[in-house]
1. What helices (runs of 4 or more DSSP H), lying completely within the range 199-304, carry at least 3 residues that are at pLDDT below 95?
2. Of the conditions (1) of a type in the set (Val, Ile, Thr); (2) more than 18 Å from His213 (Cα to Cα); (3) part of a helix (DSSP H, G or I), Val103 fails just one. Which one is it?
3. In the range 178-222, which residue that is in contact with a Ser or Thr (Cβ under 9 Å, 6 or more places away or on another chain) and more than 30 Å from Glu168 (Cα to Cα) is surrounded by the fewest Cβ atoms within 10 Å (Cβ to Cβ)?
4. Answer yes if at least one residue in the range 131-145 is under 22 Å from Gln232 (Cβ atoms), within 13 Å of the chain's Cα centre (by Cα) and part of a loop (DSSP other than H, G, I, E, B), and no otherwise.
5. Looking at the range 178-195 only, could you name the residues that are part of a loop (DSSP other than H, G, I, E, B) and touching a residue at least 24 places away in the same chain (Cβ under 8 Å)?
6. Within the range 126-146, which residues are closer than 18 Å to Ile60 by Cα and β-branched (Val, Ile, Thr)?
Amino acid sequence: MADEKRSRAWLWILIGGGAFFLFVLAVFALVYVSLNAGSGNSLRGSFGEKIGVVDLEGIIIDPTTVVPELKKFGDDDSIKAIILRVNSPGGGVAASEEIYREVKRIRDEKKKRIVASIGTVGASGAYYISSATNKIYADNGSVVGSIGVIAEWVNYGDLMRWAKLKQETLTVGEFKDTGDPTRDMTPAERAYMQSLIDDMYGQFVQAVAEGRHAKVEDIRSIANGRVWTGQQAFSMKLVDQLGDFQDAVDDTAKAVNISGEPVLVHPEKDRKTVLDLLFGDVSEWLPSREKLLEQHMGFYYLWK
């Protein structure tokens, strides 16, 4: 009799444990599906004409996410147009240049309409990229502009001397260690760095003038690093239309002869893992782009 009771108890434990496992599995499945819903090319895309939407957000350090997304939509004949949704203060010169070139390729070589919709901010490198699109939209209160170049780093030479630390550097070439944060630059080094910045500035001005169909001297006269509101930028012809993202969608759909409501297609995002579901967002513990930028000497189309 006792053995029968133990067997029955174990049976109920197994049944209960299995039911609990299935319940937990179902919860994880529901959360996983909800987190990934809407990512990638939606199936509803087959029931309407598509506009691709690519986000340009945050400080631009690495172009290897945005460029492939643009290229994929640019080469996809089912995508009638692309909207670059901008909310960025800019970033690295080279990174901005790579994204700019892909936008220009889509516009000039693929002959596909690509527009920029500036949200909170579209400054410096982000505006540089936007200037290559067919049309720029901005809200009245958007921050736009900041045409200029910046290079900065921390000189901690005094701190090293206070700590009685001495850096030894061997170089071949007068300018090889220009920007060494343990010492002040020589006049020749400062002139050399300024010449690099001046050249990058010229490229920025030239690109904006070309994209905005303006004279180089007209752009240079306002390219002093200042930002403007969307309303001010509109009066200066730095943006083409005042409006939000939905205005950009509606207007773009008309421009490419889409009848009815277009289907907005977003690039596939990284799927959440079980660890993400268990432990949540750990991004606050990881180095951010802003933190990395503070430690990295370089040249930037960046509004700060």
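1. Details: elements: 216-222, 230-235, 245-255, 274-279, 289-295.
Qualifying helices (runs of 4 or more DSSP H): 274-279, 289-295.
2. Failed condition: (2).
3. Among those that are in contact with a Ser or Thr (Cβ under 9 Å, 6 or more places away or on another chain) and more than 30 Å from Glu168 (Cα to Cα), it is Glu210.
4. No; the residues of the range 131-145 include none that is under 22 Å from Gln232 (Cβ atoms), within 13 Å of the chain's Cα centre (by Cα) and part of a loop (DSSP other than H, G, I, E, B).
5. Step one: list which residues in the range 178-195 are part of a loop (DSSP other than H, G, I, E, B), which gives 178-186.
Matches in the range 178-195: Gly179, Pro181, Thr182, Arg183, Asp184.
6. Matches in the range 126-146: Ile129, Thr133, Val143, Val144.
Quick grid of which residues meet (1) of a type in the set (A, V, I, L, M, F, W, C); (2) without any contact (Cβ under 8 Å) to a residue 24 or more places away in the chain:
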{"residue": "Leu84", "(1), (2)": "yes, no"}
{"residue": "Tyr128", "(1), (2)": "no, no"}
{"residue": "Val143", "(1), (2)": "yes, no"}
{"residue": "Gly148", "(1), (2)": "no, no"}
{"residue": "Ala151", "(1), (2)": "yes, no"}
{"residue": "Lys176", "(1), (2)": "no, yes"}
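The values are calculated or read from the model by the stated rules, or taken from the named source; none is laboratory data. Nothing here was measured: the structure is a model prediction, and the numbers come from that model. Cβ sites come from the backbone with ideal geometry, for glycine too, and all protein chains shown count toward neighbours.
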